[in-house]
Amino acid sequence: MGCVNDPTVVTGARRIGPERLAGRSGTMAMVAMDQRESLRTMFAEAGQRDVGDHVLIDFKRCVTAELTPYASALLVDHQYGLRGIVDDGLVAPGCAVIAAADHLEQPPGGQVEDTGLDDQVIAPGFNLHRVDALKLLVIWRRDEHRDERVELARRFVALAEERGVASVLEPVVRATPAELAAGSWDREAAIRDAARELSVLGPDLYKVQVPLEGRGENETLLGECQRLDEVIATPWVVLSQGVPVPLFPEAVRAACMAGASGFLAGRALWSDVVGAADQRAALREVSVPRLRRLRQIVDDHARPWCEAAAHKGHL
């Protein structure tokens, strides 16, 4: 079968699927710009004294304007810019829009501890004009709340289907205090266990952490990615969290050679541009070449979403 490779195709009343998130090759090179308090912390660490909401919004608008001409999709949150970015026409033609549907429980300066569905996004009146997909972050742990997280993910997938848009599910694994105390924490096994538990719920796209955080010999990393591909039940892409910027291209290559359809990444593209005096110039100089290189890797090595879906029996 062939992919629907033209992201400008209008599908009428039919529910939007992963085809809208892909480029003409059927692969995905997507920019994540939904960071909230973590982005504020990044600006503060870069030396900016006043990190008001306007700083976050302006940076997201700059990233959108400079990077979406080279991306197949953009992920952004409604708290800091979604509607303005969309309504002001900042997203390049052919680039899909993914709206973050997660409410983050995150202390100032800390990491996200847990998530739920954002009440505003799931409300019937939430404006989904020009939005092609919803994304939910799930913090996955081997604790007493596993069943609740499964139901959260199941509810999210059903919500996206009801709204007529694609669903992107993003589990991020964390150790429990007991695992850390016992020395039994195994990050790679946890990533696979989360995939077995959550990808079978049927999201259109599964967004997963890079095995080994992108470290290790190429053959070792490829082997870990292949083990991951075996347990993910849907098309999948990798995120860049935890992967050093210089290692991300080879991590993407290994994941794509193992069966991934691309990436949905933020920090690996623009983290060292945060706080630049001329953000748009820095994005053009630093981030655009990175994104173009990554897109070429994806086009050369990734499994198109429709082939992945057929391979996994997801169509």
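The values are calculated or read from the model by the stated rules, or taken from the named source; none is laboratory data. Not measured: the values here are computed from a predicted model. All Cβ positions, even for glycine, are placed from backbone atoms using ideal geometry, and neighbour counts span all protein chains on display. The accessibility values were calculated without ligands, DNA or RNA, using every heavy atom of the protein model including side chains. Shrake-Rupley method; radii C 1.70, N 1.55, O 1.52, S 1.80 Å.
When 103, 145 are compared by accessible surface with a 1.4 Å probe, the order from highest to lowest is 103, 145. By the helix-only formula, in which each DSSP H run with n ≥ 4 contributes -39500 (n - 2.57) and the sum is divided by residues, the chain has a 222 nm mean residue ellipticity of -11500 deg cm²/dmol. Between 271, 167, 72, the GNM of the chain built on Cα springs shorter than 10 angstrom shows 271 fluctuating the most. Heavy-atom surface analysis with a 1.4 Å probe gives the chain a carbon and sulfur content of 48 percent of its accessible area. Remark: the chain carries 41 Å² of accessible area per residue (probe radius 1.4 Å; ligands, DNA and RNA excluded). 3J(HN,Hα) along the stretch 133-150: 7, 10, 10, 10, 8, 10, 8, 9, 9, 7, 9, 6, 9, 4, 4, 5, 6, 4 Hz, from the Karplus curve 6.51 cos²θ - 1.76 cosθ + 1.60 with θ = phi - 60°, whole Hz, x for Gly and Pro. For the pair residue 54 and residue 119 in one chain, pulling the backbone fully straight at 0.36 nm per residue adds 21.1 nm over the alpha carbon distance. Size of the stretch 179-315 from its Cα atoms: along the principal axes, largest to smallest, the extents are 45, 43, 28 Å. Each residue was assigned an accessible area with a 1.4 Å probe, and for residue 186 the value is about 70 Å².
In this structure the amide hydrogen of residue 128, modeled in the peptide plane, comes within under 5 Å of no amide hydrogen from residues 5 or more places off or on another chain. Using the Cβ-Cβ distance between residue 217 and residue 184 with R0 set to 22 Å, the FRET efficiency works out to roughly 0.30.
Applying D = kT/(6 pi eta Rh) to the stretch 119-222, where Rh is the Kirkwood radius over alpha-carbon pairs, T corresponds to 10 °C and eta to 1.306 mPa s, the Stokes-Einstein value obtained is 104 µm²/s.
Ligands, DNA and RNA aside, residue 45 has an accessible area near 150 Å² when probed at 1.4 Å.
Over the Cα atoms of the stretch 27-123, the radius of gyration divided by the Kirkwood radius equals 0.97; this is the Rg/Rh ratio. Remark: the stretch 1-156 carries a charge dipole of roughly 600 debye about the Cα centre, counting +1 on each Lys and Arg Cβ and -1 on each Asp and Glu Cβ.
In this view, the solvent-accessible surface of residue 80, computed with a 1.4 Å probe and all protein chains in place, comes to about 30 Å². Counting only Cα atoms, the size of the chain along its three principal axes is 49, 44, 42 Å, in decreasing order. Ranking of 143, 300 by solvent-accessible surface, largest first: 300, 143 (1.4 Å probe, protein heavy atoms only, all chains present).
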